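Single-structure report; data block below.
FYI, it's all coordinate maths here, none of it is from the lab. Owing to the predicted nature of the structure, the values given are computational and were not obtained by experimental measurement. Every residue, glycine as well, gets a Cβ built from its backbone with ideal geometry; the counts of neighbours run over all protein chains shown.
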């Protein structure tokens, strides 16, 4: 029996049971039908990877514990959501709830276009609210626009370094690189034959190249409106890694995130920077891997903080029920089980020392990196546009041999134009 039919049967039974008790109490059938009315909510997400089942489990457990609110989850590729959701919400159709993109910066676009509901009423300490005291500060910062919160976290994660134990052993390397310099050295040493030292993606991906820049003390933006792409630290990092790709062939050129994952899952890449969502798929593929901290850079330890925005349509007919679902998604009960199912750190800071979570090595590894994690272009209203129209083309250009300094200078000007830099 599929989930849809099962849900329908449960609802019919709920109506019949309510009617029976209403009759015993002297109530009418109309009263029973009204009291058992079920609110139907639609949820659209891009969680197509190995962690998909963990998200589906959250929805199923919510439905089981909330018989009068039932959520149907639709899973589509991220690029499909990006193409269809804005117009759907703009015309008053589309899902009640959605994850528009894995990039938290997308929040600005949907807020500026008036497509999403303010979630200030979601914040509070009741059972149907989300206590802001347990939400990581970088999440609150990412999802607050002009003083109002517009998204709840669908997840919270960090990037760590996956490495193939068999390929490391074959290369005579006892453990993972500890510094950014060693990362470059190991990537070169591990490259040979049909094996790449590291699997880097430059588009439709979690941010890998920005992390390489951060390790060298550089950045994409120096502020909310001005670029840092032409800084000495950024240019140096881009030069080092583009040369490793072009001259040493340490990674394929022009990979999407999915292609990068496939390469590591096939045992053809020795290292990859990725989040906890990748671990189940790699284990299922039979890769003998381990997870280690991102190598320390010029300013010490740094990694990417990742959080996917969970947003409600401004045109939903059931705002209260939709917010109740978001609150439950981030409840201690749901997040404890989600962490154990998916290997993600919980989205709540009050679960950091939970014994069950600490007993899971993968969860504990990714959770331990949260103090050193930072968001990509936080506070930049046009972050998604800068990434798509400036940064990705920059990486595509220099990994095909273009002059790094000239390309970076041109990219910096493009980012400044988009962000309105006056410096």
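Things worth noting here:
- Normalised by 2.2 N^0.38 Å, with N the number of residues, the alpha-carbon radius of gyration of the chain equals 1.06.
- Where the Cα pairs of the range 247-287 fall when distances are cut into 5 Å bins, in %: 5, 22, 37, 21, 10, 4, 1
- In the elastic network of the chain, a GNM with C-alpha springs shorter than 10 Å, the most mobile of 88, 142, 270 is 88.
- Long-range Cα-Cα pairs in the range 41-137 (distance over 22 Å), rounded percent: 39 percent
- Short-range pairs are left out: with C-alpha atoms under 8 Å and at least six residues apart, the relative contact order of the chain is 23 percent.
- The modelled label-to-label distance between residue 356 and residue 170, using points 7 Å beyond Cα along the C-beta direction, is 4.0 nm.
- Normalised convex hull volume, the range 265-331, alpha-carbon set, Å³ per residue: 179 Å³
- Most mobile of 61, 381, 348 in a GNM of the chain (Cα contacts under 10 Å): 61
- Extension gain, residue 368-residue 224: 0.36 nm per intervening residue step, less the Cα-Cα distance, totals 49.0 nm.
- Inter-part distance where the range 116-189 and the range 216-250 are each reduced to a Cα centre, Å: 21 Å
- Highest mobility in the GNM of the chain, judged by mean-square fluctuation with C-alpha springs under 10 Å and restricted to 199, 42, 87, is found for 87.
- Helix 332-342 and the longest principal axis of the Cα set of the chain meet at an angle near 50°.
- Only helices enter this figure: runs of n ≥ 4 DSSP H residues, each worth -39500 (n - 2.57), summed and divided by the residues of the chain, yield -12500 deg cm²/dmol at 222 nm to the nearest 500.
- The mean of 1/r over all distinct Cα pairs in the range 364-417, once inverted, gives the Kirkwood hydrodynamic radius of 12.9 Å.
- Applying 1/(1 + (r/R0)^6) with r as the Cβ-Cβ distance of residue 93 and residue 417 and R0 = 41 angstrom yields a FRET efficiency of 0.75.
- Among beta bridges identified by DSSP and lying wholly in the chain, the antiparallel ones come to about 60 percent.
- Taken over the range 50-204, the convex hull of the Cα atoms encloses 189 Å³ per residue.
- Length-normalised contact order of the range 203-324 in % [C-alpha pairs under 8 Å, at least 6 apart]: 26 percent
- The calculated FRET efficiency for residue 253 paired with residue 72, based on their beta-carbon distance and R0 = 41 Å, is about 0.55.
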